[in-house]
1. Can you tell me the length gained on complete extension of the stretch residue A:27 to residue A:107, counting 0.36 nm per residue apart and subtracting the Cα distance?
2. Using the eigenvalues of the Cα gyration tensor, what equivalent ellipsoid semi-axes result for the protein assembly as shown when each is taken as the square root of five times the eigenvalue, whole Å, largest first?
3. Quick one: which of A:70/B:69; A:13/B:78; A:55/B:69; A:3/A:55; A:71/B:78; A:57/B:49 span more than 30 angstrom between C-alpha atoms?
4. Just grab the label-to-label distance for residue B:58 and residue B:7, each label 7 Å out from Cα along the Cβ direction, in nm (one decimal).
5. Once fully extended, how much extra length lies between residue B:84 and residue B:30, figured as 0.36 nm per residue of separation less the alpha-carbon to alpha-carbon distance?
6. Report the far tail of the P(r) of chain A, meaning the percent of Cα-Cα pairs longer than 18 Å.
7. Just flag the trypsin sites (Lys or Arg not before Pro) in segment B:46-81 sitting in loop per DSSP whose Cβ has no more than 16 other Cβ atoms within 10 Å.
8. Please build a GNM for chain B, connecting alpha carbons under 10 Å apart, and tell me which residue among B:99, B:65, B:87 fluctuates the most.
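Just so it is clear, none of the values below were taken in a lab; they were calculated from the coordinates. It should be emphasised that the depicted structure is a prediction, and the values quoted were computed from it without experimental measurement. Neighbour counts are summed over all protein chains in view; Cβ atoms, including those assigned to glycine, are modelled from backbone coordinates with ideal geometry.
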Amino acid sequence: DVKVTQSSRYLVKRTGEKVFLECVQDMDHENMFWYRQDPGLGLRLIYFSYDVKMKEKGDIPEGYSVSREKKERFSLILESASTNQTSMYLCASSSSGVARYIQYFGAGTRLSVL
Amino acid sequence: AQSVTQLDSQVPVFEEAPVELRCNYSSSVSVYLFWYVQYPNQGLQLLLKYLSGSTLVESINGFEAEFNKSQTSFHLRKPSVHISDTAEYFCALGNSGYALNFGKGTSLLVTP
């Protein structure tokens, strides 16, 4: 089974802190994604990566950056956390071709910024 | 532009009753359509997919969805729900690029 592991289930940070959310997948997938999930808004794509060191902005990249130095790991960085970044963050991975739409998700990280 | 609309944010239903979760999409090109499910305190997992071929697709736990191109719909149905089906259900569309376009989700609550 594909496994996507997010480093923390719950995280509490202070406004202005630099926050790292880590995601690791074990299926040699080319593509990795970061979403945030908010009630009534569904899933919104922050960034995705289709190869090592390659990244593309999603729908809501402001206030975030990403890093993909190794194929299995995709990090989401909040340079200076703000209260409006309190949310559930979901990481996903997928392989290539039409299977890029069959995404495997981690359990999520619930981030609270105080 | 492409978009996905899930017409109901919440659907309460009694156990063993039938249910339909509605999904409409907007796209000017051919699409791939998906239903993902999120059980409480978990990430999303794929429930079923339409890529091509038969317009009726089924999951292993009794759900089915029908791709209707003329009505631009991909509604999810189950003839008899269980308590364990309580979850958030997301309809999603892919037609270009790498990313899926998700609907806002429908919360299915099954009660005894």
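1. On the way: separation 80, 0.36 × 80 = 28.80 nm, distance 1.63 nm.
Between residue A:27 and residue A:107, full extension yields an extra 27.2 nm.
2. Values: eigenvalues 176, 84, 48 Å².
Here the semi-axes work out to 30, 21, 16 Å.
3. Values: A:70/B:69 41 Å; A:13/B:78 42 Å; A:55/B:69 33 Å; A:3/A:55 21 Å; A:71/B:78 39 Å; A:57/B:49 26 Å.
Beyond 30 Å between Cα atoms: A:70/B:69; A:13/B:78; A:55/B:69; A:71/B:78.
4. About 2.5 nm, to one decimal.
5. Details: separation 54, 0.36 × 54 = 19.44 nm, distance 3.38 nm.
So the chain would gain 16.1 nm between residue B:84 and residue B:30.
6. On the way: 2890 of 6441 pairs.
Cα-Cα pairs of chain A separated by over 18 Å account for 45 percent.
7. Numbers: sites: B:49, B:69, B:77; in loops: B:69.
Taking segment B:46-81 and a limit of 16 other Cβ atoms within 10 Å, the loop trypsin sites (Lys or Arg not before Pro) found are B:69.
8. B:99
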